[in-house]
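The structure appears below as C-alpha cells.
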Ligand code: MG
C-alpha cells in the first residue's frame, strides 16, 4: 500500500497556531505510548513478541500450513518531503539557528532522502530478514509439518519485486534449515485475481472527503517544534511559516526510519499529540479503504472472495490426499491481507467502526505492519480423520468469534468453510446505465460513481454512428437525430443532462480502466444490418485494448491496458451479436437479453449467459438452475423494487441489474 497522505495533501494543512488540548487515553494512544515507533502505522516494521502455543486437542497433529504474508519492510514513495526537511534545516543551519536536536534531524533526513533516492517501494535488508525469521520460527514451531510430513512447498508471489524478494527470503531460510525440502516458486499476473485483488483507488475520493471533515476538528500544536529544533523560534517561523506541513514531513521521515534500521526514534522530534494525529489521519485512510467500515459499508469482503476460495481449495486438495504438500505460501500486499483476515472475521481486526471509533480502537501497526501474515495451521486426528485449523495473525493465536472452538483457538475446518460459504451475498450488483442518480444515464460520471460505490459492474449501451464510431447512448435517437444514420460529428455536438458530450466507447473504456474492480457490462445495440452488427462487434473487441490511462502506477499498467474476461461482460438483444461474440471472444461472458430462449437453446449456440427481465424469471424460475447446471451466468434486469430484488436474490441469480444499487446492496446484506 502506498502512502496515504500524499505530498500534495500537505497543502491542505493550515498552519494556524492553536493550543493543543490533552490527548484522550484511548487504546490506540496507550498502544503508541508503549512503543512510539508504532506511529508508523502500516510502515511499521514487524514486531515479534514471544508467544505461548495452546496445546492442540489430544490426538491431533499439524500436517499442513496455509500462509498469506505481506512483503517485508520497504522504502516508501516520494522524496520531496524528506528533501524538504533536510533543505529547510540546512537553510536554518546556515543562519546558525539549529539546536542540537535540529542538527541531528537535519542529518537523519539527509540519510533518509539518500536511502530513498531511486529506490521507491523496494524491500530493505530488514524486510528480507523479517521473512527469513518468520520462516525460521514457523519451521521450529511446527516441526511435524516439515520434518516428518510431505517435503513439497508451493510458494506464489505478486509480481511486485518486494514481494518476490520476500518470497525468496522466506523460502531461502527454509531451504537452509532443511535442504531436502522441495520448492515450487512462481509469480505472474494470472495470480493477481487472488493474491493482489481488492484495491480500489476510486474509493479514496469518498474517504478523502470524510477525512477532510475529520481534519478540520484537529487542533495542532504549532509552537513546540520551533522551540525544540531552533535557537530562535521567531526567526525559524519566518523561514518555515507552515508548522503543520513541516511537521508532517518530519512525521514522514520518522515513519520510514525503521525499515532502514535507523536506531533513533525520530518521532521524538514532534509533540506526542501531533504524532497521534498524523498517525490517525494516515491509518484512517487505510482503514476506510481496506476494511469494512461504517462509512463505506461491506465493500471489502467481496474482494477477498477469490483469495478465500483459493486458500480453501488448496487446503481441501491436501486434506483429500489429491495433492501432497507441506505448505502453500503466498506473498502479497496489505490490502488483500486485510481483506482476508476481515473476511474470516478474526477477532480485533474485523470490527466495523465509525471514523471516531476506529481512531480510538483500531491498531494498524499491530494488525498490518510490514511482513504482516496469516498462518492457518491444519491438524488431523489420526483416529477420526477430523481436521481442525488454528489461525495465527502475525504469529499470534487469534479467535474467530462467530464460531465455537473445539478447544482454545482450534476450530473445525468444516465449520470454517461453512462460515466462509455464507459470509457474503452470492448475487452481484450491476448499475444500469451507470449509477446515474444525480447524474446523467450512460455518462462517464455515472460509471465513475458505480466504480466508487463498489458495484460489481456497470452497464452501458453502445450504438454505431453512420461513419462507424461506437458511442454510448441508450436510445437510438437523440431528439430528431438517428444515431445509426448520422455522422459522429453530428452526434457529438449533443450533450447529456449533466453537460458531458455523448461519450465515445474509447472514452468510456478509459474510465473502465481506472478501476481494477468494476466490471464493464457492454450492451451492443442491434443494428439495421448484420454487416453493421459485425462492424460493431469488431469495434467493441478493439476497444478492449485502450491506451493506458494516466496516473496508473507502473506495476498496474499492464493490468490497466488489457480488459480481460475478468473485467468485461457483453450483453445484447441481438441473437446474432451474442452468437458472434461467443465465437470471436472465447472466455468472455456473453449474456442474451431478449428473454425468449431457454438456457439450453443458447448454450447450443455457445452463448454462456442470460440477462433477462425479472418478469421472465417469475414465469420460468427453472431457467436459473438450468443455466447454472450448464455453467452459464444469470443476470436479471432492471430490478428496482424491494419485492423483486428479494425474489431475484432468493432465486439465486448471479447479477441484479438495477437503477438503485444502494437499495440492492442493503437488501442483499440483510440475509
Ligand atoms: Mg442497456
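Quick notes on this one:
- Considering segment 337-431, the qualifying strands (runs of 3 or more DSSP E), each wholly inside and each with 2 or more residues that are modelled with pLDDT of 95 or more and buried (at least 19 other Cβ atoms within 10 Å of the Cβ), run over 373-381, 387-393, 410-412, 428-431.
- Every test in (1) crowded, with 21+ Cβ neighbours inside 10 Å; (2) within 16 Å of the ligand (Cβ to nearest atom); (3) closer than 21 Å to residue 441 by Cα is passed by residue 664 save one, and that test is (2).
- Segment 485-517, residues that are touching a helix residue (DSSP H, G or I) at 6+ places or on another chain (Cβ under 8 Å), more than 16 Å from the ligand (Cβ to nearest atom) and touching a residue at least 40 places away in the same chain (Cβ under 8 Å): 498, 500, 507, 511, 513, 514, 515, 516, 517
Residues are listed down the side, and each one gets a yes or a no for (1) farther than 26 Å from residue 73 by Cβ; (2) touching a strand residue (DSSP E or B) at 6+ places or on another chain (Cβ under 7 Å):
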site	(1), (2)
154	no, yes
164	no, yes
205	yes, no
217	yes, no
221	yes, no
235	yes, no
243	yes, no
252	no, no
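- Test: residue in segment 319-338 that is under 17 Å from residue 412 (Cα atoms) and in the same structural domain as residue 70 (by TED's automatic domain parsing): yes
- Condition check for residue 466: surrounded by fewer than 17 Cβ atoms within 10 Å (Cβ to Cβ), assigned to a loop (DSSP other than H, G, I, E, B), at pLDDT 95 or above and in the same structural domain as residue 576 (by TED's automatic domain parsing): yes
- Members of segment 439-456 found to be out of contact with any helix residue (DSSP H, G or I) (no Cβ under 8 Å at 6 or more places or on another chain) and away from the ligand (no atom under 12 Å from the Cβ), listed by number: 443, 445, 446, 449
- The residues on offer are 340, 329, 301, 288, and the sole one that is closer than 19 Å to residue 454 by Cβ and in contact with a strand residue (DSSP E or B) (Cβ under 7 Å, 6 or more places away or on another chain) is 340.
Conditions tested, residue by residue: (1) assigned by TED's automatic domain parsing to the domain that holds residue 444; (2) within 26 Å of the chain's Cα centre (by Cα); (3) more than 14 Å from residue 445 (Cα to Cα).
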| position | (1), (2), (3) |
| --- | --- |
| 476 | yes, no, yes |
| 494 | yes, no, yes |
| 502 | yes, no, no |
| 510 | yes, yes, no |
| 521 | yes, yes, yes |
| 527 | yes, no, yes |
| 530 | yes, no, yes |
| 538 | yes, no, yes |
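- Qualifying residue in segment 116-131 (condition: over 26 Å from residue 194 (Cβ atoms) and without any contact (Cβ under 8 Å) to a residue 24 or more places away in the chain): yes
- The set of residues in segment 581-592 that are buried (at least 21 other Cβ atoms within 10 Å of the Cβ) and either over 32 Å from the mean Cα position of the chain (by Cα) or within 15 Å of the ligand (Cβ to nearest atom) (or both) comprises 590, 591, 592.
The values are calculated or read from the model by the stated rules, or taken from the named source; none is laboratory data. These figures come from a predicted structure and were not determined experimentally. Here Cβ is always computed from backbone atoms with ideal geometry, including for glycine, and neighbour counts include all displayed protein chains.
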